[in-house]
Amino acid sequence: MTARRSKSLWYLAMIAYFTVGYMTINALSQGRTHFWDVSLPFESQIPFLPIFIFGYVLVYGTVVAVYFVLDEGAEWRRAVVTFFLATTLAYGFFLLLPVRMELRPDLTELTGFNVLATQLYYRIDLPYNCFPSLHVTYPTLATLVSWRGHRIWRWIFLAMTAIIAVSVVLVKQHYIADVVAGFLNAGLCFWIAKKAVRL
């Protein structure tokens, strides 16, 4: 099997692992009656800004870009190990420390393309699977795995990470604690992967 084919198969496995795991846990969470409150007292005063839905969906750009930016060797293997570690750790928290976003606004009286896009996303992504934020974890991972050998892309990924981290709060998809936990999740799992996969 060629290195490129192996890379593509691992990439598809990563997408499948996220999609199946995330949606399954999200569906299971609908039947829960108890959720942990990780919100800060002032978070209800943070405005809802639907324009930031476009910053929120930047995460998919990072997920696609990282495939093309990283090479097929040890750099990619480290990224794969980091991804599976971080995603699995997040799944554990979703199941054992369930958090529900309670600050989503009622959008029925609002209009505009930004609102429609947010409404669509709300329907697809239920208000569970919050802590830690995988929306923050993934672009942070992209920044970390590209930092050493990609001088331009590391700054692009860093900028995207900052935009996404702000956006997840302003579109009421995550609490600030979810964002912080997303950073910590990425950092911890990247550190473990560095020990496991040497470049």
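The values are calculated or read from the model by the stated rules, or taken from the named source; none is laboratory data. Values in this document were obtained by computation on a predicted structure and should not be read as measured data. In this analysis, Cβ positions are derived from the backbone assuming ideal geometry, glycine residues included, and neighbour counts consider all displayed protein chains. Accessible surface areas use protein heavy atoms only, side chains included; no ligands, DNA or RNA. Shrake-Rupley method; radii C 1.70, N 1.55, O 1.52, S 1.80 Å.
Can you pull out the trypsin sites (Lys or Arg not before Pro) in the stretch 17-104 that DSSP calls coil and that have at most 12 other Cβ atoms within 10 Å?
In loop regions of the stretch 17-104 (DSSP not H, G, I, E or B), the sparsely surrounded trypsin sites (Lys or Arg not before Pro) are R32.
Based on the alpha carbon coordinates of the stretch 78-185, what radius of gyration and maximum Cα-Cα distance (Dmax) apply, in Å?
15.1, 48
What's log10 of I(q)/I(0) for the stretch 1-113 at q = 0.15, 0.16, 0.24 Å⁻¹, Debye sum over Cα points only, no solvent?
Result of the Debye calculation: -0.92, -0.99, -1.34.
Go through 4-15, 132-143 and give me the packing order, highest mean Cβ count within 10 Å leading.
Numbers: 4-15: 13.6, 132-143: 27.2.
Ranking the peptides 4-15, 132-143 by packing returns 132-143, 4-15.
In the stretch 113-172, which trypsin sites (Lys or Arg not before Pro) fall in coil by DSSP and have 15 or fewer other Cβ atoms within 10 Å?
Details: sites: R123, R148, R151, R154, K172; in loops: R148, K172.
Here the trypsin sites (Lys or Arg not before Pro) that fit, given the DSSP loop and packing criteria, are R148.
So how do F94, F18 rank on accessible area, 1.4 Å probe, biggest first, that is with the largest at the start?
F18, F94
Please report the spacing between the Cα centers of the stretch 118-170 and the stretch 1-56 in Å, no decimals.
Going from one Cα centre to the other spans 10 Å.
Straight-line reach from K7: which aspartates and glutamates fall under 18 Å, measuring Cα to Cα and dropping same-chain residues less than 8 apart?
Excluding near neighbours in sequence, the set is D71, E72, E75.
For the stretch 49-150, which GluC sites (Glu not before Pro) pass both filters: DSSP loop (anything but H, G, I, E, B) and at most 11 other C-beta atoms within 10 Å?
Answer by residue number: E109.
Before rounding to the nearest 500, sum -39500 (n - 2.57) across all DSSP H runs of length at least 4 in the chain and divide by the residue total; then give [θ] at 222 nm in deg cm²/dmol.
The helix-only estimate for the chain comes to -22000 deg cm²/dmol at 222 nm.
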